[in-house]
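Read-outs throughout are calculated quantities, based only on the coordinates presented, and are distinct from any laboratory measurement. All of these numbers come straight from a predicted model, not from anything done at the bench. Here the Cβ is made from the backbone with ideal geometry for all residues, glycine too, and neighbour counts use every protein chain on show.
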Amino acid sequence: MPLVFSLVLCSAAALTPEQAARAEAIGQNLRCPICTGEPITQSTNDLSRDMMRDVREQVAAGRTDAEIYSYFAARYGNFVLLNPPREGVGLLLWGAPLAALGAGGFVLWRFLRRRTTATPAVTTAGEEDDPYDPYLAEVRRRTRQGGEGA
Amino acid sequence: MTDLSPLSNQTPTPAPLWRRLLPPVLAAGLVAVLGAALLSPSRNATDGGPLVGKPAPDFTLESLDGAQVSLAALRGRPVVLNFWASWCGPCREEAPLFRELSEQRGGEGGLAILGILFQENKEENARAFIREYALAYPNLRDPGAKAAINYGLTGIPETVFIDKAGTIRHVDRGGLSRERLNVGLEKIGVKGI
Amino acid sequence: MLNLISFDASPLGALGQLSLLAALAFTLGGTWLAVVGGLKADARATEAARRAVWAVFALVSLSTLTLMAALLGDDFSVRYVAEHSMRASPTWIKVTGLWGALEGSILLWAWILAGYAFILSLTLRRDALRPWALAAMYASLLFFVGVCATVASPFTPLAQIPADGRGPNPALQNHWMMAVHPVLLYLGFVGLAVPFAYAVAALVTGRLSDHWVVVTRRWTLTAWAFLTAAIVAGGWWSYETLGWGGYWAWDPVENASFIPWLLATAFLHSIQIQERRGLMRSWNVWLIVLAYASTVLGTFLNRSGIVQSVHAFAGGPVGPVFLGFLAFLLVAGTLLAAWRAPHLRDEGEPPAALSREGAFLAGNWLFLVFAVMVLVGTLFPTIVEAVQGRRDTSVGPAFYNAFAIPLGLGLLFLMGVGPLLPWRRAEGEGLWRALRPLLLAGAGAALLAYAFGIRGVGVLTTVGLAAYNLVGLGLLTGRALRQRGGGFLGLVREQPRRYGAYLAHIGLVVMALGIAFSTAYRQDAQVTLNAGAAPVQLLHETLALESTRVEQKPYGQSAIARVQIDGRPFEARLNTYLQGGDTPFPAPAVRYGLWGDTYLVVTAFGEDGRWASVRLIESPLVSWIWWGTALVVLGAGLTLVTPRRTAARAPALRAAPATD
């Protein structure tokens, strides 16, 4: 893409700071259609700049976030939405980490609950504070086990 | 890989077979999907897009000759919109096709062809391009890429085929060949060239 | 049939290719010997396999050196040099050319793998694990040396020898970090092959000695430290070259390096449960298998071009080959683990929830969920495309941040609790007593931050958790100092592992603060400056364009804007390279500061150099990320130091506080 020598930056409608922040936040979630995976706020090419200006104009015109997103999605497809909608296929995406959290938590809970007998809360301070010696630990473990087994 | 079942494998009785087989099955599934994605080429490289079947967004733009051109005024005629720029190589390759198309199918009441400039940094270059390929149809300035964004442009060249009723029937991305041009023309009821 | 060698056309190419083929032959022989040694418990076969590693390492080294010599000597009869190097490049670019393109990077990978295998062959004990660990290492070597010697050989002859090469990828010429980041990344990725080999050996033999625990922990820690440094170095590269003032964009290739990191971090904690308590054996083996498989998955994503990324290599014939290896590793690895892991029985009963084990396991849980989240986000568009036939989904930072922030904060919380808890079991009341000062410190810090005008919930929580962590570590260290007497250095020397871990934790806290502040309070503004015009006020600075100039280099050109920002000169560049055509590669001018960076990128120049469009970014605490990483890596290094023995060991039983 060649450099384009235009002074378009200041031409956008004047926005209040809140509106500017909103436009920025929306731009973060719109993918530059001609780059590899960059939002239009990051990439420096002209199309991104024009799209960003378009976003600012729509914000100034009082359109909601959802309206602006669907405006771009209707033209570029869902591909352009970096914040994938939480509906349809998107539910699978958004649900997967939650499912992992739930399933993992359940398994962990069951595992930790499996203790049959409560071990007395004796902590050997020596074991805590000494530099760790695997050999010694193994000997301790063996003797302890032997003791319990007997 | 969400499976945490090995945690529960500590019991003297091993976990049931299905649970032990879950990770390998998940792994195999993952590999299968990756394989499918790797071996099947992306199918929307040259056509489609969300605008197909929708009414073509209207625009009123100024041509390089200074005339105002609006899409609404062309209602009732099939329209071919070509987004291009002089610095784009494939645009050069397809330009003779458009010249031929406008010569054979253009004219009063027939097919309307419009060029829209995209990120043209020097209008002089665009004029030279038009002269070089003797393009006789209007080529429009698109300040701020408004029309380009409205048509969901992802790169040039891109050609939009609009039927008589003003509905987009086909979008071609990337340089046109005669065959690909005819595919689009056929969809808007224009005989191929 | 591939045409692999031509002696007439390229002596160097023939030498490199021959040594690769010989290395492949030794690898094949070694694999066979190792498997025989394992199956028949034949010590001689195992010994032969061990020695074959030396030959493989020597031969792969020879071919790597050959390629390096060809790159430095501009020998364009070697295909790789002709395709990816050129005379005009400065020497450091020629050196980085070794990993600047696909074939060379795979050769480097094979070389590092052979190097690790060599070190492994020298340190392996004579036990039942030895042949199988070697065999697993050979399996990895077989793939990488095989790919190198055949489908992705850098040495295959050229039909015609060009006068000059085509030159390197322009994105790689833009910053010296490209000399560092890939090598660190490979050292980290490939380092995980060794614990993987040990895990396979453990699965095959059903044995896990304490030696196993110590060795895998050390290797994983080494790989982990490299991986940490590599990921952050990659972030620094992005910061310094991509021109938007960010360092992490949840790009698929970035994610691909992050998943192994998450799994390795989980492993480094849960292996300690095995070390101390003899628990979680099969779980640890699982983690290692998954971590190594995820490195190959990452490489596959990077090399095959099935994900869209700024960092991806172009797709090529190696995509299917890598997929095959990935399939083999993932399916065979998980099958082996599913079949054999139940045989790795734990001694003793499962840990209690309120114990250090419990905290580590909770951390493991969050790390795994994190890894799953990143994996799903990375692959989701690809999966949708495979199912629907159209690329119609994107997953961007909004998705990742929605989960990464709470998960990261949860991990920060656990990171403070873990060191407080004793092994085995804690009393709820004692824990609460120990936790109270930390929570108070955290709440105090958050309130203080609030008073200073910070309002973001994420940032406030990060500040609170940072104070909580630091106070916790400080109290623990203080208590140890009081109990033991003597200086801090003596303490560290006696227990490098503990204080190394503390240091790494401090580093992570520093990084977390850097990430939180630089993300939340980054400011960005653009303006067009006219040369010699009156200064312009932008963000908190005054900008004036002093001059513009163009520097011609043999490999491209730089357009430079010299801008005075508050009286200090910044020279931001737009570089173009011969190979990149018109595509500009920004090289921002960054002034690093302890409290924040000032970052200037030039986005466009006027044709006559009378004006320049610039983007000014101010982000606070970015450099804390780099310094935090240095602490993390230093801490990881410290944990590997052998402790100095105390003269007499104190008797083991003493009245114990529930904490520490």
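Exactly one residue out of C:Gly235, C:Gly188, C:Gly245, C:Gly206 is away from chain A (no Cβ under 13 Å) and on the phi > 0 side of the Ramachandran plot: that is C:Gly206. Number of residues in the stretch A:54-98 that are of a type in the set (Val, Ile, Thr) and touching a residue at least 40 places away in the same chain (Cβ under 8 Å) equals 3. For C:Val527, the requirement of being within 28 Å of C:Gly245 (Cβ to Cβ), in contact (Cβ under 8 Å) with a residue 24 or more places away in the chain, more than 11 Å from chain A (Cβ to nearest Cβ) and among the hydrophobic types (A, V, I, L, M, F, W, C) is not met. Of everything in the stretch B:122-147 that is out of contact with any Asp or Glu (no Cβ under 9 Å at 6 or more places or on another chain) and part of a loop (DSSP other than H, G, I, E, B), the residue that is nearest to the other protein chains (Cβ to nearest Cβ) is B:Lys122.
Looking for something under 21 Å from the mean Cα position of the chain (by Cα), within 14 Å of chain A (Cβ to nearest Cβ) and not in a loop (DSSP other than H, G, I, E, B) - is there at least one such residue anywhere in the stretch C:223-232? The answer is no, given that none of the residues of the stretch C:223-232 is under 21 Å from the mean Cα position of the chain (by Cα), within 14 Å of chain A (Cβ to nearest Cβ) and not in a loop (DSSP other than H, G, I, E, B).
Identify all residues within the stretch B:165-193 that are surrounded by fewer than 17 Cβ atoms within 10 Å (Cβ to Cβ) and among the acidic types (Asp, Glu); write none if there are none. Across the stretch B:165-193, the qualifying residues are B:Glu179, B:Glu186.
Within the stretch B:148-171, the set of residues being part of a strand (DSSP E or B) and more than 15 Å from B:Ile116 (Cα to Cα) comprises B:Thr167, B:Ile168, B:Arg169, B:His170.
Residues that are of a type outside the set (A, V, I, L, M, F, W, C), in a loop (DSSP other than H, G, I, E, B) and either within 17 Å of C:Gly245 (Cα to Cα) or in contact with a helix residue (DSSP H, G or I) (Cβ under 6 Å, 6 or more places away or on another chain) (or both) occur in the stretch A:44-63; there is at least one. Please tell me if C:Gly29 is within 33 Å of the chain's Cα centre (by Cα) and over 30 Å from C:Gly97 (Cβ atoms). Against the criterion (within 33 Å of the chain's Cα centre (by Cα) and over 30 Å from C:Gly97 (Cβ atoms)), C:Gly29 qualifies.
Screening C:Ala332, C:Ala386 for residues that are closer than 30 Å to B:Gly152 by Cβ, more than 9 Å from chain A (Cβ to nearest Cβ) and without any contact (Cβ under 8 Å) to a residue 24 or more places away in the chain leaves exactly one candidate, C:Ala386.
Condition (residue is surrounded by fewer than 24 Cβ atoms within 10 Å (Cβ to Cβ) and more than 19 Å from C:Trp626 (Cβ to Cβ)) applied to the stretch C:220-239: is it met by at least one residue? Taking every residue of the stretch C:220-239 in turn, at least one turns out to be surrounded by fewer than 24 Cβ atoms within 10 Å (Cβ to Cβ) and more than 19 Å from C:Trp626 (Cβ to Cβ).
Restricting the stretch A:81-118 to residues that are more than 7 Å from chain C (Cβ to nearest Cβ) and crowded, with 16+ Cβ neighbours inside 10 Å, which is farthest from B:Ala147 (Cα to Cα)? Across the stretch A:81-118, the extreme among qualifying residues is A:Val107.
The set of residues in the stretch C:173-203 that are outside any loop (DSSP other than H, G, I, E, B) and over 18 Å from the mean Cα position of the chain (by Cα) comprises C:Gln173, C:Ala197, C:Tyr198, C:Ala199, C:Val200, C:Ala201, C:Ala202, C:Leu203.
Rundown of residues vs (1) away from chain A (no Cβ under 13 Å); (2) touching a helix residue (DSSP H, G or I) at 6+ places or on another chain (Cβ under 7 Å); (3) β-branched (Val, Ile, Thr); (4) assigned to a loop (DSSP other than H, G, I, E, B), yes/no style:
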residue: C:Val602; (1), (2), (3), (4): no, no, yes, no
residue: C:Ala612; (1), (2), (3), (4): no, no, no, no
residue: C:Ile617; (1), (2), (3), (4): no, no, yes, no
residue: C:Leu631; (1), (2), (3), (4): yes, yes, no, no
residue: C:Leu634; (1), (2), (3), (4): yes, yes, no, no
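Please work out which residue is nearest to the other protein chains (Cβ to nearest Cβ), limiting yourself to the stretch C:393-422 and to residues that are under 30 Å from the mean Cα position of the chain (by Cα) and part of a loop (DSSP other than H, G, I, E, B). Once the filter is applied, the top-ranked residue is C:Gly396.
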